[in-house]
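The numbers here are math on the coordinates, done by the rules we state, and not lab data. Model, not experiment: these values are computed from the prediction. Cβ sites come from the backbone with ideal geometry, for glycine too, and all protein chains shown count toward neighbours.
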Amino acid sequence: MPDSRGGVPSGSGRRMGVRGRSNGAMKRIMMMCALVLMALALCLPFLCAEAEQTTGIINYTMELSNNRFTGPEDITVTIKVTNVSDQDMPGPVTLYYPDGTMVLEFGSPTLASGQSQSWTGTWGVTMSQLEMNKITFALCWYEYNSAGELGERKVNFSKTLIYVETEPSVEVNRIIAPSMASNGQEVSVTYEIVNTGTVNISNVTIRENSDISKTSGIIESVPAGERASYTFKVKMGKKDLTSNGTITYKAGNSTGTIRKEDAVIKYGEIKLSASLKASRKGGVAGDTIKLTLTLKNTGSADYQNVTVTDAVLGEIVTGASVPANKTITIDKDVTITGSTDYQFVVVGQDASGASVETATERISVVEIDPEKAINLTVVASSDRDTVYELPGVVRFKVQVTNNGMNDLENVSVSASGVTLYTFPTLAAGETREFTRDVNISTAGQFRFDASVRNEIEETETFEGNIIPIMFSQPTPVPTEAPITTVAPPRYEQMPTSDGLPEYVSTVEKILSIFNHAFLILAGVCAVLLVVGVVRRIQANSRAKDHLERSSARVYDQPAPKEKRSHKEDAKDKPQDVTRPIGEDNEPEVPEVQPGDDAVTRDGALMEETLRQLYKRADRPDEEPTVETLDDEDDEETVQMDQEPEEATEDSDTTVRRRRGSRPSEDE
């Protein structure tokens, strides 16, 4: 304190000076630390983002989704390899995991100049890698050295990992409901694990007293900032139950333990029971479900000042009463914000003023992924809005549209609780319809609903539009056209056989074979017949008179000599005889000598035969005359008349020669 002179003691002044210098140094140190932390914060994203290196002809980079760890966890790794040379690589490039196994998804590409190959995958960071503060991958490729020799190269490239050891922060809440129960009533003991720290915890084990459970509860992991719960259920007997829990967990390399003190669940006869039901098992975030609490008083006295609470919803009802031998219900609408468990605790007072407590069973409401949510639209129409007799037939057409993102199966359409049609499948975005004739017994409003089971095995129902159908007394005009109900088609099994014995088909096959054979033979015969007719015609055209040709046709006298050509050199030239092929060596016919009796007889016989054959029927006694072709033949005709005997002899000789030889093809 200051003295009477208004000054400050010197000793005190020295101490203040030291303190002032000390405070200034501390401020400078704190400012430096702040600057270092800011620099690290600015550099950390770049260190985490990418590490680029170049070795030989390739450049490679590695990116990690996270490089700050409090324990082993999975991360996403992205690696990019680029050929930075001006030539194509002579061999493939392969990538290897930190444990030495090949990254099959990367493949074995042979990179062209400037070409790149990338890979993105998941790798589980191990504790040993955290202790070494790095994660290492490997690359292997081929390239030419300075001597022009092809060799294999391998490089290991790493990325720094930051291992942060922090103290975990965990809270454990135990909820026992009810705190008093009667014989056979269910009691639930719920442990809620809340991770309030920045370190993930795992292997959470909850060990309870044997009164509650002889088996430990296990929660695999609780991420930082989240919570998880585990519930034990036990039936109350005729004595009190004791709960005490021991919770152990693991955070990085450390292990934590939390113990909960003993809690006694009393046995007692309670005449007030509570049950809780939900209108749905779950839904998409934002959907509303209804929770219904049923309170039943089986005693002879009323329960007053009844309060209903829930760990999530808080206070639901207060100051209510449950009359003796009565049952009341309380509804509570809840909006889904996530998967949640609900358990209502009911506390009241009996007629003596003593406190009574009971609780409902725990129910779960599950949040459904919006991408898996089901959304159906049902639109129905009718062919009439009025019937003139009851019961009457109305034809309804119902269309169901799948507005969701997933295909559905077994979509049922019903009306008044009766299933009318079921679609086996209904693809996303698809609209299907059906038509049904319904015999209605009364007029009113009709609606068709579509039902299908969702991913939590709960049946969801989607209501359709309302169709009013009225009844009116029939009037003379107009006369209602009769409604013809088309009978459904009947499906009959088509016979697989004609009912005949088996040998009939065999006989038919054999007859078919014979039929084809006969057709072939008939065709061959027809061809042969045509060939025969053609050859017969050709043979008739080649048939010729073997008598010597002449312009005169007097067959009982020698033929006149033919008109000679004016060329003398061709007068005495013999004509060539053409013989058929193969008859070049035909034996010579012996020359007939004049005066041969056989020849004479044959000639006379031939002459008589020819005279009989060529005798003219119209003038039998007329002597044959010699016709001449022109005036130039007169001289030859006269000369032939002067030498009849010689011509006769020559004719006979010619006949005998022709009889002894076969005529040539030209004749």
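Between Ser128 and Lys277, residue separation times 0.36 nm minus the direct Cα-Cα distance comes to 48.6 nm. Placing a label point 7 Å from the Cα of Glu269 along the Cα-to-Cβ line, the residues of segment 295-331 whose backbone N sits under 14 Å from it are 298-301. Put a plus charge on the Cβ of each Lys and Arg, a minus charge on the Cβ of each Asp and Glu, and nothing anywhere else: the dipole of segment 228-370 about its Cα centre is then about 500 debye. Separation of segment 386-402 from segment 298-319 is 49 Å, based on Cα centroids. Contact order, relative form, for segment 50-201: 20 percent (alpha carbon pairs under 8 Å, 6 or more residues apart, mean separation divided by residue count). Rg/Rh for segment 188-280 stands at 1.06; both radii use Cα atoms, and Rh follows the Kirkwood definition.
Along the Cα-to-C-beta direction of Glu455, a point sits 7 Å from the Cα; which residues of segment 356-394 have their amide N less than 15 Å from that point? Within reach of a label on Glu455, which here means backbone N under 15 Å from a point 7 Å along Cα→Cβ, segment 356-394 contributes 366-375. Classify segment 286-360: rounded, prolate or oblate, from the alpha-carbon gyration tensor (a ≥ b ≥ c, eigenvalue square roots; a/c under 1.5 rounded; otherwise prolate if a/b is larger than b/c)? Cα axes put segment 286-360 in the prolate bin. Cβ-Cβ distance of Gln538 and Glu502, R₀ of 60 Å, FRET efficiency by 1/(1 + (r/R0)^6): the value works out to about 0.60. Packing around the peptides 382-392, 504-514, taken as the average count of other Cβ atoms within 10 Å per residue, puts them in this order, highest first: 382-392, 504-514.
Short-range pairs are left out: with C-alpha atoms under 8 Å and at least six residues apart, the relative contact order of segment 353-481 is 28 percent. Each residue of segment 330-340 was assigned a 3J(HN,Hα) from its phi angle through the Karplus curve 6.51 cos²θ - 1.76 cosθ + 1.60 (θ = phi - 60°); the sequence is 10, 9, 9, 7, 10, 8, 6, 10, x, 5, 9 Hz, with glycine and proline shown as x. Full extension of the segment from Glu409 to Glu430, taken as 0.36 nm per residue of separation minus the current Cα-Cα distance, would add 6.3 nm.
Secondary structure note: in segment 82-189, about 100% of the DSSP beta bridges are antiparallel.
Between the listed residues Val393, Leu426, Ala359, the Cα displaced farthest toward the positive end of the dipole of segment 334-440, a dipole computed from Cβ unit charges relative to the Cα centre, is found at Val393.
Using the alpha carbons alone, the radius of gyration of segment 124-264 stands to its Kirkwood radius in an Rg to Rh ratio of 1.34. Summarising the label geometry, the points placed 7 Å from Cα in the beta-carbon direction at Asn515 and Ser169 lie 9.9 nm from one another.
Rounded to the nearest 20 debye, the dipole size of segment 398-481 about its Cα centre is 380 debye, using +1 on the Cβ of Lys and Arg and -1 on the Cβ of Asp and Glu.
Each of the peptides 528-541, 121-134 was scored by the mean count of other Cβ atoms within 10 Å over its residues; in descending order, highest first, they stand as 121-134, 528-541. Shape class for segment 254-324, computed from the alpha carbon gyration tensor (a ≥ b ≥ c): oblate, with a/c not under 1.5 and a/b at or below b/c.
Distance between the modelled labels on Thr475 and Thr110, one decimal in nanometres: 9.1 nm (7 Å Cα→Cβ projection). Candidates Thr248, Ala278, Ser300 compared by Cα position along the dipole of segment 238-304: farthest toward the positive end lies Ala278, with charges placed on Cβ. In this label model, Arg68 and Tyr144 are separated by 4.9 nm, measuring between points 7 Å along each Cα→Cβ vector.
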